[in-house]
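Novice: The structure follows.
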Amino acid sequence: MMKSNFFIGLLSCLFFQLGLAQEKKDSLVLRINLKFRTETLERNKEYVSESKDTLEIETFRFYISTIKLQYSDKTTFSESNSYHLIDIENPNSLQIPIAKTTDKTISKATFSIGVDSLASVSGAMSGDLDPTKGMYWAWQSGFINMKIEGKSLSCKTRKNTFQFHIGGYMKPNYAIRTIELKPINSNLEINVDVAELFKSIKLAENNSIMIPGSKAMELADKATKMFGIYSKEN
């Protein structure tokens with residue numbers, strides 16, 4: 001009986017994986033490349049920022065939401081229930097099936113970095129919005145749009161850690177940002193270059209943001225510079 005249950009479970013897993021593969025094959029997929037300049041971003045690997053800080057990334061998560069595509073014939077597609085948690089610890093999160101494949105040429109793609117106010121106050125949540133994902137403060141503050149944690153000898157903190165939790169959904173601290181990109185040959189592959197975020201941060205002076213406010217707003221603005229369409233040159 002135990003062997004029978006094992007094989008049933010194994011077959012179930014295989015069919016589930018095949019289903020996901022088929023879904024991605026039939027779908028237009030948004031692919032995310034996490035980078036530090038030209039290198040693939042890896043956890044607990046040393047990098048040197050433009051500010052001359054040596055740093056390691058331990059946690060990197062952010063929400064992509066409200067995905068919209070505009071085609072060259074002026075028609076549009078808007079993804080429903082559009083909330084996706086990108087997590088360096090979950091490679092599957094770096095590929096998002098968003099629409100059925102089509103021969104149309106994509107002229108523009110837009111999406112938000114973060115979670116809107118409606119979802120922030122809606123109560124019980126599931127999937128990528130589940131509070132157990134570690135990206136929800138409370139209904140007063142809503143979701144953490146982006147979380148970056150790590151360590152650097154530049155930080156005179158306990159265990160040399162830095163923590164940046166960017167969020168806030170109520171004015172004047174509305175930290176959601178919209179990204180607009182023009183795909184190359186309808187290529188929906190995006191580079192997210194963390195080096196761009198740390199370019200203007202001196203970790204000895206600024207190494208912790210844990211609540212909504214003006215500092216989170218400034219960092220949300222800087223975070224938009226991380227996003228760009230992938231090309232062979234980058």
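Novice: Using a 7 Å offset from the Cα along the Cα-to-Cβ direction at both ASN160 and THR54, what is the distance between the two label points in nm, to one decimal?
Specialist: Label at ASN160, label at THR54, 0.7 nm between them.
Novice: Going through the cross-link list LYS74/LYS225; LYS108/LYS151; LYS74/LYS199; LYS100/LYS225; LYS52/LYS215, which pairs have a Cα-Cα distance over 31 Å in this structure?
Specialist: LYS108/LYS151; LYS74/LYS199
Novice: Give me the Kirkwood hydrodynamic radius of segment 123-194 in Å, from all C-alpha pairs, to one decimal place?
Specialist: 15.2 Å
Novice: Moving on. Out of the GluC sites (Glu not before Pro) in segment 135-234, which ones are loop residues according to DSSP with at most 12 other C-beta atoms within 10 Å?
Specialist: GLU205, GLU233
Novice: Shifting gears a bit: Can you tell me the FRET efficiency between ASN187 and ASP221 if r is taken as the Cβ-Cβ distance and R0 is 22 Å, rounded to the nearest 0.05?
Specialist: It comes to 0.25.
Novice: Could I ask something else about it? Taking just the alpha-carbon atoms of the chain, what radius of gyration and Dmax come out, in angstrom?
Specialist: Spelled out, the Cα radius of gyration and Dmax of the chain are 19.3, 62 Å.
Novice: Calculate for the chain the 222 nm mean residue ellipticity that helices alone would give, adding -39,500 (n - 2.57) per DSSP H run of length 4 or more and normalising by residue count, nearest 500 deg cm²/dmol.
Specialist: Dividing the helical sum by the residues of the chain leaves -5500 deg cm²/dmol.
Novice: Let me know the whole percent of all Cα-Cα pairs from segment 52-93 that are separated by more than 12 Å.
Specialist: 71 percent
Novice: Counting only DSSP beta bridges with both residues in the chain, what percent are antiparallel, rounded to the nearest 5?
Specialist: 90 percent
Novice: Could you calculate the FRET efficiency of ILE179 with ASN44 from 1/(1 + (r/R0)^6), where r is the beta carbon distance between them and R0 is 35 Å, rounded to 0.05?
Specialist: According to the calculation, E is roughly 0.80.
Novice: Counting other Cβ atoms within 10 Å, which trypsin sites (Lys or Arg not before Pro) in segment 60-122 have at most 11 and lie in a DSSP loop?
Specialist: Passing sites in segment 60-122 are LYS74.
Novice: Further question on the same structure: Can you tell me the Rg and Dmax of segment 47-124, counting just the alpha carbons, in angstroms?
Specialist: 16.6, 47
Every read-out reported here was derived from the displayed coordinates using simple, explicitly stated rules and does not represent laboratory data. Just so it is clear, the model here is predicted, and its values are computed rather than measured. Counting neighbours? That spans all protein chains shown, and the Cβs are built from the backbone with ideal geometry, glycine included.
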